[in-house]
Amino acid sequence: MSGVTSADPEAAYYQAVEEYFVSRRGDPLFLSNADWHRVRKWREAGLPLRVVLRGIRDALDAHAHGWSRDRPVKSLAYCAHEVEAARERWERALALGR
């Protein structure tokens with residue numbers, strides 16, 4: 001990531017997700033409209049950036065070691081399940097801290 005320093009935290013969130021996803025998948029194509037909508041849902045749900053990035057990392061790491069590793073990941077939809085799993089782990093950790 002390029003160390004996003006935007007005055008707008010929402011824009012910084014979107015930019016950080018896009019930069020991380022694009023850099024990890026190794027493809028210069030940027031996010032689709034559906035991907036932007038997905039990021040907006042994560043942001044509106046209050047998911048911290050680090051949780052979203054963890055989910056993306058976990059999904060792309062699993063893809064890199066899976067049978068379909070030769071097929072490129074084209075969308076954030078591929079990462080949605082792992083982002084949800086990261087959210088659940090984060091919420092459990094918060095609950096344990098109370």
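The values are calculated or read from the model by the stated rules, or taken from the named source; none is laboratory data. Everything numeric here is computed off the predicted structure, so don't read it as measured data. Methodologically, a virtual Cβ is constructed for each residue, glycine included, from the backbone with ideal geometry; neighbour enumeration extends over all protein chains shown. Please note that ligands, DNA and RNA were not included when accessible areas were found on the heavy atoms of the full protein model with its side chains. Shrake-Rupley method; radii C 1.70, N 1.55, O 1.52, S 1.80 Å.
Going by the structure shown, is GLU84 touching a Gly at 6+ places or on another chain (Cβ under 9 Å) and open to solvent by 70 Å² or more (accessible area, probe 1.4 Å)?
When the stated conditions are applied, GLU84 passes them.
Given the options ASP70, ASP35, name the one that is acidic (Asp, Glu), over 11 Å from the mean Cα position of the chain (by Cα) and either buried (at least 18 other Cβ atoms within 10 Å of the Cβ) or not in a helix (DSSP H, G or I) (or both).
ASP70
If you scan region 73-98, which residues turn out to be under 12 Å from the mean Cα position of the chain (by Cα) and assigned to a loop (DSSP other than H, G, I, E, B)? First the steps, then the outcome.
So the first thing to find is which residues in region 73-98 are under 12 Å from the mean Cα position of the chain (by Cα), and the list is 75-87.
Hit for region 73-98 is SER75, nothing else.
Can you name every residue in region 33-77 that is of a type in the set (Ser, Thr, Tyr) and closer than 25 Å to PRO9 by Cα?
Across region 33-77, the qualifying residue is only SER75.
Take region 38-67 and flag every residue that is assigned to a helix (DSSP H, G or I) and hydrophobic (A, V, I, L, M, F, W, C). So that I can check it myself, show each step before the final result.
Kept after step one, since they are assigned to a helix (DSSP H, G or I), are these residues of region 38-67: 38-44, 49-64.
The answer is VAL39, TRP42, LEU49, VAL51, VAL52, LEU53, ILE56, ALA59, LEU60, ALA62, ALA64.
Quick one: would you say LEU49 is touching a residue at least 24 places away in the same chain (Cβ under 8 Å) and open to solvent by less than 40 Å² (accessible area, probe 1.4 Å)?
Answer is no for this residue.
Find the residue count for region 52-67, including only residues that are open to solvent by 40 Å² or more (accessible area, probe 1.4 Å) and closer than 17 Å to SER23 by Cα.
5
State which residue pairs qualify: first residue free of Cβ contacts under 8 Å to residues at least 24 places away in the same chain and inside region 21-38, second residue loosely packed, with under 11 Cβ neighbours inside 10 Å and not aliphatic (A, V, I, L, M) in any location, beta carbons under 9 Å apart, and separation of 6 or more residues or different chains.
Close Cβ pairs satisfying both conditions: VAL22/PRO28.
Can you pull out the residues in region 19-32 that are open to solvent by less than 60 Å² (accessible area, probe 1.4 Å) and not β-branched (Val, Ile, Thr)?
Hits for region 19-32 are GLU19, TYR20, PHE21, ARG25, ASP27, LEU31, SER32.
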